[in-house]
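Trainee: Handing you this structure, nothing more for now.
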Amino acid sequence: MSDQLLFNPRTYDPAHFDPETRRLLRATVDWFEARGKRRLIEDYRSRVWLEDFLAFAAKEGLFATFLTPAADGHRPDQRWDTARIAALNEIFGFYGLDYWYAWQVTILGLGPVWQSDNAAARARAAELLSQGEVFAFGLSEKSHGADIYSTDMLLEPDGQGGFRATGSKYYIGNGNAAGLVSVFGRRTDVEGPEGYVFFAADSRHPAYHLVKNVVDSSKYVSEFRLEDYPVGPEDVLHTGRAAFDAALNTVNVGKFNLCTASIGICEHAMYEAVTHAHNRILYGRPVTAFPHVRRELIDAYVRLVGMKLFSDRAVDYFRSAGPDDRRYLLFNPMTKMKVTTEGEKVIDLMWDVIAAKGFEKDTYFAQAAVEIRSLPKLEGTVHVNLALILKFMRNHLLAPVDHPRVPTRLDAADDTFLFRQGPARGLGSIRFHDWRAAFDAYAAVPNVARFREQADALCAFVTEAAPDERQSRDLDLLLAVGQLFALVVHGQLILEQAELTGLDADVLDELFSVLVRDFSAHAVELHGKDSATEAQQSWALGAVRRPVVDEARSARVWERVEALSGAYEMAR
């Protein structure tokens, strides 16, 4: 029987979506399956540009359907629906991150446009999408990275209401082919934040100079330069502080996509890893007969399930957000930071099992092991997102308020708030519902109860042993604290989704046994930090817990993992 928790192309039927969404998702799966594994791997190894894939997407109207807000579309099935976008992320990740990347940077490129009041630019973007064009997001620069305060893309007024733009951008996906590039720069005649400008450029314009692809990949991560590029009023998307906010809010939208791409990578790799290990005989028995192998594969499986549960629940908060409910601003960097680093752990656990097989050129796993590393590093590093998460810790843990319960959001609605998020500030004022309720619902599950002890201990840490003013400048120490807090939030949304979906209690208990170990490991790390006080060291050791061991439970979860052997293999 197929494992209902993991994506399997053989059995995939997204019946929870409307008919056109179901058709497009299934058509995407069928297109990849028809190409086959050999072609998929060869295209990855030869680093070819994705013309065939983009032609398929254009023919089906895939990007135009999924990425055009209802107000800008011309068909009833066009909307910006985070639930179905997440589903497509997972499919692209499953077959190859190169395909996901072309789609992801199109999403980023569209962010400033859909936030703009420039009706002409919006209409232009909708038309380009209908023609099958891709988009790009011109924010980063070689010298400054994503430090937009220091941009060297300069716009000089032309005396006719427009500008001439000159400067370079770096790490810009789709910069070789984008019909529209959203470019961030600053005016030469206005100082400070009021001088910022977001404008639309065309990669085919003579003043747009493509320098190179800065990576050795099918992903075209470009360096480009504008030389005296004409920017008319019809090209200006945002000015002043609104341009700065558009940049950050676009990243808020885009970074969410990394979690489900990571999930797709891990799912495909898991089918390969379990099938290989279970059918490989060493010393007269299958590799999976060894206890340490079973433990690693069980841990990989439940971590992957946790990634899916957290991400699915985060979709609901993203789609239900509004001016009075911005809880998504915590769960969003969590999906980017926590879920993608969990993906690295999942791949590493499986790689320890399959060993040299993971290097072989005819496996999906070989590319998965490389590509899984990139996701924690895109749209802000793990450290940047951990630091962001810390801004929410005290309010989340200690100052809950009543919020209406957020339902599962699979409805065919347009997520309009994502493009009117407003000023990118005020994070310290965001309030959350009581995280304890999710844990209370599963108090009878042994390892959930054990982890709850650790979460309560973290609350005591915040009130009794929190970093002082001097330590608040020690990012190394704060990041260790952030990892502990991230685990509590991770566990909370996993439990909320478990309740909504009726997750098997054995899988949940096994998953929380892993989280108990993770919390203990991060507590020990905090204990060893140079600036940790005696009180903090004492707290850290006191927060260490041993998971509740249940061999019969682990054996039942192993049966689920074992059943993945042969459950899916991509056709040649």
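The values are calculated or read from the model by the stated rules, or taken from the named source; none is laboratory data. Since the model is a prediction, treat every value here as computed from it, not as a measurement. Quick reminder, even Gly has a Cβ in these numbers, built from the backbone with ideal geometry, and neighbours come from all protein chains shown. The accessibility values were calculated without ligands, DNA or RNA, using every heavy atom of the protein model including side chains. Shrake-Rupley method; radii C 1.70, N 1.55, O 1.52, S 1.80 Å.
Trainee: In terms of solvent-accessible area of protein heavy atoms at a 1.4 angstrom probe, what is the ranking of R285, R473, highest value first?
Mentor: From most accessible down to least: R473, R285.
Trainee: Expressed as a whole percentage, what fraction of the accessible surface of segment 1-66 belongs to carbon and sulfur atoms when a 1.4 Å probe is rolled over the protein heavy atoms?
Mentor: Using a 1.4 Å probe with all protein chains present, segment 1-66 comes out at 50 percent carbon and sulfur.
Trainee: A further question on this structure: So which of K142/K377; K37/K59; K212/K338 end up more than 28 Å apart, counting from Cα to Cα? Don't skip to the end; give the middle numbers.
Mentor: On the way: K142/K377 16 Å; K37/K59 22 Å; K212/K338 32 Å.
In this structure, K212/K338 exceed 28 Å between Cα atoms.
Trainee: Please tell me the relative contact order of segment 237-335 in percent, rounded to the nearest whole number, where contacts are Cα pairs under 8 Å and at least six residues apart.
Mentor: 33 percent
Trainee: Going through segment 161-209, which trypsin sites (Lys or Arg not before Pro) have at most 11 other Cβ atoms within 10 Å and a DSSP loop state?
Mentor: For trypsin sites (Lys or Arg not before Pro) across segment 161-209 that sit outside H, G, I, E and B with at most 11 neighbouring Cβ atoms in 10 Å, the list reads R204.
Trainee: Another question about this same structure. Starting with the highest mean, order 355-366, 396-407 by the number of other Cβ atoms within 10 Å, averaged over the residues of each peptide.
Mentor: Those peptides, ordered most packed to least, come out 355-366, 396-407.
Trainee: Let me ask something additional. What full-extension length gain, to one decimal in nm, is calculated for R47 and E464 as 0.36 nm per residue of separation minus the Cα-Cα distance?
Mentor: Length difference between fully extended and current span is 144.7 nm.
Trainee: Accessible area per residue for the chain in Å², computed with a 1.4 Å probe and the full protein assembly in place, what is it?
Mentor: Accessible area per residue, the chain: 38 Å².
Trainee: Shape verdict for segment 76-178, please, from the Cα gyration tensor: rounded (a/c under 1.5), prolate (a/b greater than b/c) or oblate.
Mentor: On the way: a/c = 2.43, a/b = 1.42, b/c = 1.71.
Judged from the Cα gyration tensor, segment 76-178 comes out oblate (a/c at least 1.5, b/c at or above a/b).
Trainee: Let me ask something else about it. Could you calculate the contour length gain from L282 to E525, that is, 0.36 nm times the residue separation minus the distance between their Cα atoms, to one decimal place in nm? The partial results should precede the final answer.
Mentor: Working: separation 243, 0.36 × 243 = 87.48 nm, distance 3.68 nm.
Extending this stretch completely gives an extra 83.8 nm.
Trainee: Could you tell me which of rounded, prolate or oblate describes segment 117-253, using a ≥ b ≥ c as the square roots of the eigenvalues of the alpha-carbon gyration tensor, with rounded for a/c under 1.5 and, failing that, prolate when a/b is larger than b/c and oblate otherwise? Kindly include the intermediate steps, with their values, before the conclusion.
Mentor: Numbers: a/c = 1.40, a/b = 1.19, b/c = 1.18.
Taking the square roots of the gyration eigenvalues as a ≥ b ≥ c, segment 117-253 is rounded.
Trainee: Quick one: helix 241-255 against the long Cα principal axis of the chain, what's the angle to the nearest 10°, folded into 0 to 90?
Mentor: In the chain, helix 241-255 runs at an angle near 40 degrees to the longest axis.
Trainee: May I ask you to list the residues of segment 69-83 whose amide nitrogen lies under 17 Å from a point 7 Å from Cα along the Cα→beta-carbon direction of E60?
Mentor: Answer for segment 69-83: 77-79, 81, 83.
Trainee: How large is the accessible surface of F66 in square angstrom, using a 1.4 angstrom probe and rounding to the nearest 10?
Mentor: Accessible area, nearest 10 Å²: 0 Å².
Trainee: Under a point spin-label approximation (7 Å from Cα along Cα-to-Cβ), what is the V370-L541 distance to one decimal in nm?
Mentor: 4.6 nm
Trainee: Then there's this: Given a 1.4 Å probe and every protein chain left where it sits, what share in percent of the accessible area of segment 133-239 is carbon and sulfur?
Mentor: Working: 2040 of 4440 Å².
In segment 133-239, the share of accessible area belonging to carbon and sulfur is 46 percent.
Trainee: Let me check against my output: what whole-number percent is the relative contact order of the chain, with C-alpha pairs under 8 Å and at least 6 apart?
Mentor: 15 percent
Trainee: Points 7 angstrom from Cα along the Cβ direction at D324 and S143: gap in nanometres?
Mentor: 4.8 nm
Trainee: I've got another one for you. Taking Cα pairs under 8 Å and at least six residues apart, what relative contact order does segment 331-444 come out at, in percent? Don't skip to the answer; put the middle values down first.
Mentor: Working: 67 pairs, mean separation 32.7, N = 114.
After rounding, I find 29 percent.
Trainee: Taking amide H positions as placed 1.01 Å from N in the peptide plane, with prolines and chain starts having none, which residues 5 or more places from R187, or on another chain, fall under 5 Å of its amide H?
Mentor: Amide H to amide H, under 5 Å and 5 or more residues apart or across chains, R187 pairs with L155, Y196, V197.
Trainee: Related question: By what distance, in whole Å, do the Cα atoms of segment 414-525 stretch along each of the three principal axes, largest value first?
Mentor: Cα extents, longest axis first: 45, 42, 20 Å.
Trainee: Hey, what angle do you get for helix 119-130 against the long axis of the chain, alpha-carbon based, 0 to 90 degrees rounded to 10?
Mentor: Its long axis makes an angle of about 60 degrees.
Trainee: Would you please classify the overall shape of the chain from the alpha carbon gyration tensor, given that a ≥ b ≥ c denote the square roots of the eigenvalues, rounded means a/c under 1.5, and beyond that prolate means a/b larger than b/c while oblate covers the rest? It would help to have the intermediate numbers written out before the result.
Mentor: Details: a/c = 1.79, a/b = 1.28, b/c = 1.39.
Oblate.
Trainee: Of all the accessible heavy-atom surface of segment 384-499, with the other protein chains kept in place and a 1.4 Å probe, what percent is carbon and sulfur?
Mentor: Details: 2600 of 4880 Å².
Its accessible area is 53 percent carbon and sulfur atoms.
Trainee: Right, next: Going by accessible area, probe 1.4 Å, with all protein chains left in place, what is the ranking of E194, E223, largest first?
Mentor: Ranking E194, E223 by accessible area, largest first, yields E194, E223.
Trainee: Take the Cα gyration tensor of segment 1-65, multiply each eigenvalue by 5, square-root it, and list the three semi-axes largest first, rounded to whole angstrom.
Mentor: Semi-axes, largest first: 23, 18, 8 Å.
Trainee: Please work out how much length the chain gains when fully extended from D152 to A71, using 0.36 nm per residue of separation minus the C-alpha to C-alpha distance, in nm with one decimal.
Mentor: Working it through step by step, the gained length comes to 25.7 nm.
Trainee: Between the DSSP loop rule and a limit of at most 15 other Cβ atoms within 10 Å, which trypsin sites (Lys or Arg not before Pro) in segment 30-121 are left?
Mentor: When the trypsin sites (Lys or Arg not before Pro) of segment 30-121 are filtered for loop state and at most 15 Cβ neighbours within 10 Å, R47 remain.
Trainee: If ligands, DNA and RNA are left out, what is the accessible area of D52 with a 1.4 Å probe, given in Å² to the nearest 10?
Mentor: Approximately 80 Å² of D52 is accessible to the 1.4 Å probe.
Trainee: Related question: With r defined as the distance between the Cβ atoms of D434 and E127 and R0 fixed at 51 Å, what FRET efficiency is calculated, to the nearest 0.05?
Mentor: With R0 = 51 Å, the Cβ-Cβ based efficiency is 0.60.
Trainee: OK, next. Please determine, in degrees from 0 to 90 and to the nearest 10, the orientation of helix 257-279 with respect to the longest principal axis defined by the Cα atoms of the chain, where the helix direction is its Cα long axis.
Mentor: Approximately 40 degrees, to the nearest ten.
Trainee: Counting only protein chains, not ligands or nucleic acids, how are E469, E562 ordered by accessible area (probe 1.4 Å), most first?
Mentor: On the way: E469 140, E562 65 Å².
Accessible-area ranking of E469, E562, largest first: E469, E562.
Trainee: Could you state how much accessible area T275 has, in square angstrom rounded to the nearest 10, with a 1.4 Å probe and all protein chains kept in place?
Mentor: That residue has around 30 Å² of solvent-accessible surface.
Trainee: Please find the FRET efficiency linking R405 to E191, where r is the Cβ-Cβ separation and R0 is fixed at 51 Å, and quote it to the nearest 0.05.
Mentor: Efficiency computed from Cβ-Cβ geometry: 0.60.
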